[in-house]
Every structure is written in C-alpha cells, then in structure tokens.
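The block underneath contains the structure these notes are about, expressed in structure tokens.
Quick note: the coordinates plus some simple rules give every number you see, no bench work behind them. All values derive from a computational prediction rather than experimental measurement. Heads up, the Cβs are rebuilt from the backbone with ideal geometry, glycines too, and the neighbour counts pull from every protein chain shown.
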Amino acid sequence: MMMIDLLMILIGLLVLILGVLIGVAFLVLLERKVLGYIQIRKGPNKIGFLGLFQPFSDAIKLFTKETTYPNFSNYYCYYFSPVISFILSLFIWMLIPYYFNMISFNLGILFFLCCVSMGVYTVMIAGWSSNSNYALLGGLRAVAQTISYEVSMALILMSSIIMIMDFNLMMFYFYQKMVWMMFLMIPLSLSWISSMLAETNRTPFDFAEGESELVSGFNIEYSSGGFALIFLAEYSSILFMSFLFVIIYMGGYSLSLIFYLKLTFMSFLFIWVRGTLPRYRYDKLMYLAWKSYLPVSLNFLLFFLGFKIFF
C-alpha cells in the first residue's frame, strides 16, 4: 500500500471522528429541544441562534472544570475507563460501508458484536473502581442488563445475516432494493428497537442510571471530563444503533438525503420514547429478555434458516 493511501485513510478517520462528535453534539441539542417541547417548555434557546451553540458551550464548561476523584477509588481504572469507553464507541464507526479511501469490512457485523461486548467491561470497571456503593450497584445492573440483551440482539442479527448470507453491511443495500427487511421481519425489527434501547441504557430501560434509587448509577463519582466522555460514548452509540437499524431494516446504506432523514427519525425515536414512557421494573426487564425476546428470536432464526434452505 502506498504512503499516500495510508495518509488518506488517516485523514478519513479524523474526519469521521470529527463528524461523529459534531453529530453527537447536535443529537444532544435535539434531545433537549424535543424533551422541552414534550414537557411544554422551551429547550436551550439563549446561546447562538435558537440555542445552536449550547452543546459546544456545555462541552467547554465540562472539560475546563476541575476533575475530582474519590480518595479510596482505584485511580487508574477510574480515570481510564471513560476514555476506553469513548474510544470503543468511536471504533464501531469504522464499520460504515464507505465508497472511498477507507477500511472495507467483510466481517463488519462480527466486529460490531465484539466492540459492543467490550463496552460492558468499561461500565463494570467504572462502577467498581469508584469504590462507591451506588456506583457499584449501577455498574452491576448495567452489566446484567447489557449481557442479557446482547444475546437476543445477536440472534436477531443472525436472522438478517441468514437472509443475505454475508457479514458485510454493504450487502444489505443490494438485498433491499425491492423491499425493506423491516416488512419481511416486523416482529424482529420491533424487538431490535427495544433491544437497542436496553443496550444503550436508555429510557424505559435506564436502570444503570436509576435516579430514584441509585442517585446516578455507575457514573455518580465522575465529574468534568470523565463524565463528558461517558456522556459522549452513550450518545455516540445511540447514533450508531440508529444507523445500524437503518442499514439492516430500512433500505441499507446510501449517500442520499432519504437515508439521513431515516437516520434522524430513528435517533428522534430514542428521544420520543424517553419523553413518553416511564421506567420499567428491573425484574420485568430481565423477564422480557430471557422469556420473551430469546424464544422469539430463536424461533425466527429457525424459521429463516428453513426459509433459506427451501427457497
């Protein structure tokens, strides 16, 4: 490979990271605006035109604050877990099936599952290393929840993979030119949406941050930069999950305005759910994962396997 190619890949990656960060900033702004209007009040509207610069001022404020840490914390684990969490959430974005000068993934979905599984460790270590009861409980809850939903999420993904017989995300575009996967597997796509919510610790499954009983969950001892990185990692994964749903179930990846509108709608759905639904009970969440989604996804997996063999 020529040196110029490596340089172009590096520049592409930097542009990608910058794009993700700006996307996350405006997703936060969208969430605050939408939640404001749902609760019949105005969201941020002072800084810049209609509050457009609010996320940037928040970021500057957070990163310039003094970093505090508990005296009895395991300092290095405590300090680095948000950083690794953020790096992992950016890693997943390399999966985008680019048309130009970037890495092409033939085993993209396996890479996605690996990165998502690694994200569990950062939450667990963040909760444990803070040496606080609330943080530890929040971390344990988050780990149990994420692991539970990863199983059904992987099985739901397997049904889609069996239909196209490839791990490359670009293939979903070719197979959905006539009809979207969402119409072929409606129950699975709905299960995937709620698994996405559970996987990213969003309402109504935000037990890792149960304010009423855990104050703030695994991130309670974090302030300034560490808190900002956890926040960025969460919203980056929300954006990517929306992106993945559009690729797998809503017509695949294409550089068109419709694609970005679909992506925006899926991100909006996360916010809409947060503004509408109350928090679930924890035992019901686990019951839903193991007694509902697991059998459904396994049965559909067998159905699509049979469908692929006979047709």
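Starting from the 7 Å offset along Cα-to-Cβ, what nm value, one decimal, do you get for the label separation of residue 67 and residue 261?
4.4
Tabulate in residue order the Karplus-calculated ³J(HN,Hα) for segment 236-248, using 6.51 cos²θ - 1.76 cosθ + 1.60 with θ = phi - 60°, rounded to whole Hz; enter x for Gly and Pro.
5, 5, 4, 4, 5, 4, 4, 4, 5, 4, 5, 5, 7
Pick the calculated mean projected area of the Cα convex hull in nm² for this structure from (1) 18.1; (2) 15.9; (3) 17.4?
So the structure-derived entry is (1).
What is the helix-to-structure angle for 257-276, meaning the angle in degrees between its Cα long axis and the longest Cα principal axis of the chain, kept from 0 to 90 and rounded to the nearest 10?
Approximately 50 degrees, to the nearest ten.
Suppose R0 equals 51 Å; then what is the FRET efficiency for residue 46 and residue 173 from their Cβ-Cβ distance, rounded to the nearest 0.05?
0.75
Residue 26 versus residue 53, label points 7 Å from Cα toward the beta carbon: distance in nm?
A separation of 1.7 nm, rounded to one decimal place.
Against the longest alpha carbon principal axis of the chain, how many degrees, from 0 to 90 and to the nearest 10, is the axis of helix 108-129 turned?
In the chain, helix 108-129 runs at an angle near 20 degrees to the longest axis.
List the relative contact order of the chain as a percent without decimals, with contacts defined as Cα pairs under 8 Å and 6+ residues apart. It would help to have the intermediate numbers written out before the result.
Numbers: 394 pairs, mean separation 75.1, N = 311.
Rounded, it is 24 percent for the chain.
Can you work out the Karplus-derived ³J(HN,Hα) for every residue in segment 48-57? Use 6.51 cos²θ - 1.76 cosθ + 1.60 with θ = phi - 60°, whole Hz, and x for glycine or proline.
x, 5, 6, x, 5, 9, 4, x, 5, 5
Hey, can you grab everything whose amide H is under 5 Å from the amide H of residue 206? Only 5+ residues off in sequence or another chain; H modelled, so Pro and N-termini drop out.
When sequence neighbours closer than 5 places are left aside, the close amide H contacts are 280.
Counting only other residues whose beta carbon sits under 14 Å from that of residue 196, what net charge do I get with K and R as +1, D and E as -1?
Charge balance near residue 196 sits at -2.
If the limit is 31 Å between Cα atoms, which of 61/284; 42/284; 65/284; 33/65; 33/177 go over it? Before the final figure, lay out each step's value.
Numbers: 61/284 38 Å; 42/284 34 Å; 65/284 39 Å; 33/65 25 Å; 33/177 35 Å.
Beyond 31 Å between Cα atoms: 61/284; 42/284; 65/284; 33/177.
Length gain on complete extension for the stretch residue 308 to residue 223, per 0.36 nm per residue less the alpha carbon to alpha carbon distance? Before the final figure, lay out each step's value.
Numbers: separation 85, 0.36 × 85 = 30.60 nm, distance 5.13 nm.
Between residue 308 and residue 223, full extension yields 25.5 nm more.
Quick one: what are the phi-derived ³J(HN,Hα) couplings along segment 28-37, Karplus 6.51/-1.76/1.60 with θ = phi - 60°, whole Hz, x for glycine and proline?
Per-residue couplings from phi come out as 4, 5, 4, 4, 5, 5, 5, 4, x, 6 Hz.
Counting only trypsin sites (Lys or Arg not before Pro) that sit in a DSSP loop (anything but H, G, I, E, B) with at most 13 other Cβ atoms within 10 Å, what is the longest stretch of the chain containing none of them?
Here the longest run is 66-176.
To the nearest 0.05, how large is the calculated FRET efficiency for residue 277 and residue 80 if R₀ is 45 Å and r is the Cβ-Cβ distance?
On the way: r = 34 Å, r/R0 = 0.76.
Efficiency, rounded to the nearest 0.05: 0.85.
What's the angle, to the nearest 10 degrees (0 to 90), between helix 133-164's Cα axis and the longest principal axis of the chain?
20
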